[in-house]
Amino acid sequence: MIPILIMVALVILSAYFSATETAFSTVNKTKLKTLAEKDNRKAKLVLSLSENYDKLISTILIGNNIVNIALSSIATVYFIEVMAGHTAAPTVSTVVTTVVVLIFGEITPKSLAKDFPEKFAMFSAPIIRVLIYVLLPLNIIFSGWKKLLSKVIKKNEEEDKMSQEELLMLVEEVEQEGTIDKNESNLLRNAIEFTERRADDILTHRMDLEAVAIDDTIEEIAETFANSRFSRLLVYRDSIDTIVGMIHQKDFFGKDGITTRDITEIMTPVVYVQHGERINDLLMSLQKNKTHIAVVLDEYGGTLGIVTMEDILEELVGEIWDEHDEVEEVIQEIGEDTYLVDCSINLDDLSDRFDLDLESESGTFASYVMEKFGGLPEEGENFTDENMSITVREMDVQRIIKAEVTVFHKSDEEEENAEENEAAEEQTNE
């Protein structure tokens, strides 16, 4: 009877070590930090033990192996006695012990711990803390062995870093699990992709800028403000390629009406950035200079366009509308699978909308269309590419304003044939 009780106790200990290992490896540290901030002592202890994970895991593995070896030895002796020394006793002992340990010492406790990792980790933490001290000599030996191995086998720290693709996949998985909703998921995706965006991806093109000349009269500037929906106007000298500052509406229209001061006195400086500037660096530059507008320069030093603080924020939170904005759809459906598209749309956004793979050096739909035509097209010109037909519908001097896009959907048979052709090409290449 005593051997059976000992074996039951050893199985329980095996289950404890297995569950503890799973609980500490899958525990949600964010939840524990929240509990720790509420002065939960066990949550604080779990976080403290997790900080030295190598010592924790070695203690668990040492304890689990000692328990399992002891269980196997006692079971073998017990079965030999029960079966009166029969030659099959060791085999029976091995089979029974393996089944019992797998079911009650591994699978069941690990499954339960995976479902309730925080609760079990907090239950287990006080016990495992004592065992860490009890098994300290063995921990020191294994710690030294690990350091020796780490010197022989060099670790590539770059491989441990999570790539942007992995982060986006993680966000998608969390959304599918229901932990976050679609809006939160989109915000996280925008934040992850934020550092990859450049100034020329989000700028307002020079053709759309509202600006005044430095030698314009007060009346002309007032009229521009009246006809414009902007609270700030750019100021240029000679041409739009030489922007020298910016006028704010509140400085131009004072308490006593239109200012009588010279424009240069109320003009504020602007920030100049290259078209390839990352927008996170641009944001810091605007914050540092305490301004809302940056002038984006092309490779020749001319004005390519401007980026505002609002443009940058929209990359994170989506379109921001105020009461003076005219709401205009960038993609308007005008027929079955036919759309009128504003050519200033980002090419990636258009590709995502219609599940296409479009590429252009400048990143806008307008530049993509011009590259396909090999120059500036005329209204009514048409071409077909990437399962869609594109017809230029509206031009403005040297720009494409709108284009009509008709998307062709492949049938199931065509998709299967395409996949077969791709597979055949891959085999040929191999």
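Let me confirm something: among Val77, Val101, which residue is over 41 Å from the mean Cα position of the chain (by Cα), touching a residue at least 12 places away in the same chain (Cβ under 8 Å) and surrounded by 18 or more Cβ atoms within 10 Å (Cβ to Cβ)?
Only one candidate qualifies: Val101.
Show the residue pairs that are 6+ apart or on different chains and have beta-carbon atoms under 8 Å apart, the first residue being within the stretch 34-61 and modelled with pLDDT under 85, the second being among the aliphatic types (A, V, I, L, M) and in a helix (DSSP H, G or I).
As it stands, the answer is Lys55/Ile132, since those pairs meet every condition given.
Could you run through the stretch 252-311 and say how many residues are of a type in the set (S, T, N, Q) and either more than 29 Å from the chain's Cα centre (by Cα) or open to solvent by 50 Å² or more (accessible area, probe 1.4 Å) (or both)?
8
Please list, ordered by first then second residue, the pairs with beta carbon atoms under 7 Å, 6 or more apart or interchain, first in the stretch 332-355 and under 17 Å from Arg399 (Cβ atoms) and open to solvent by less than 90 Å² (accessible area, probe 1.4 Å), second part of a helix (DSSP H, G or I) and among the acidic types (Asp, Glu).
Asn346/Asp201
Matching residues to (1) under 26 Å from Val27 (Cα atoms); (2) not aromatic (Phe, Trp, Tyr):
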residue: Ser50; (1), (2): yes, yes
residue: Tyr53; (1), (2): yes, no
residue: Ser93; (1), (2): no, yes
residue: Ile103; (1), (2): yes, yes
residue: Ala121; (1), (2): yes, yes
residue: Ile132; (1), (2): yes, yes
residue: Ile140; (1), (2): yes, yes
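If Gly276 passes every condition in (1) touching a residue at least 60 places away in the same chain (Cβ under 8 Å); (2) part of a strand (DSSP E or B); (3) in contact with a helix residue (DSSP H, G or I) (Cβ under 9 Å, 6 or more places away or on another chain) but one, which one does it miss?
For Gly276, the exception is condition (2).
How about the stretch 358-375: which of its residues are open to solvent by 70 Å² or more (accessible area, probe 1.4 Å) and at pLDDT 80 or above?
Listed by number, the residues that qualify are Glu371, Lys372, Gly374.
Filter the stretch 231-241 for residues that are free of Cβ contacts under 8 Å to residues at least 60 places away in the same chain, closer than 21 Å to Thr308 by Cβ and surrounded by fewer than 17 Cβ atoms within 10 Å (Cβ to Cβ) and give the result.
Correct list: Ser231 only.
Sort out which residues of the stretch 51-68 are open to solvent by 60 Å² or more (accessible area, probe 1.4 Å), assigned to a helix (DSSP H, G or I) and either of a type in the set (Asp, Glu) or more than 16 Å from Glu106 (Cβ to Cβ) (or both), and write them in order of number.
Glu51, Tyr53, Asp54, Lys55
Within the stretch 309-323, is even one residue modelled with pLDDT of 85 or more and more than 27 Å from Glu193 (Cα to Cα)?
no
What residue, among those in the stretch 80-95 that are surrounded by 14 or more Cβ atoms within 10 Å (Cβ to Cβ) and not small (Gly, Ala, Ser), is farthest from Ser14 (Cα to Cα)?
Among those residues, the one meeting the criterion is Met83.
Please indicate, with yes or no, whether at least one residue in the stretch 173-192 is charged (D, E, K, R), within 24 Å of Ser48 (Cβ to Cβ) and either modelled with pLDDT of 75 or more or open to solvent by less than 100 Å² (accessible area, probe 1.4 Å) (or both).
Scanning the stretch 173-192 turns up no residue that is charged (D, E, K, R), within 24 Å of Ser48 (Cβ to Cβ) and either modelled with pLDDT of 75 or more or open to solvent by less than 100 Å² (accessible area, probe 1.4 Å) (or both).
Take the residues of the stretch 5-50 that are surrounded by fewer than 18 Cβ atoms within 10 Å (Cβ to Cβ) and of a type in the set (Val, Ile, Thr): which is farthest from Lys110 (Cα to Cα)?
Thr34
The values are calculated or read from the model by the stated rules, or taken from the named source; none is laboratory data. Bear in mind the structure is a predicted one, so any value in this text is a computation, not a measurement. Heads up, the Cβs are rebuilt from the backbone with ideal geometry, glycines too, and the neighbour counts pull from every protein chain shown. Accessible surface areas use protein heavy atoms only, side chains included; no ligands, DNA or RNA. Shrake-Rupley method; radii C 1.70, N 1.55, O 1.52, S 1.80 Å.
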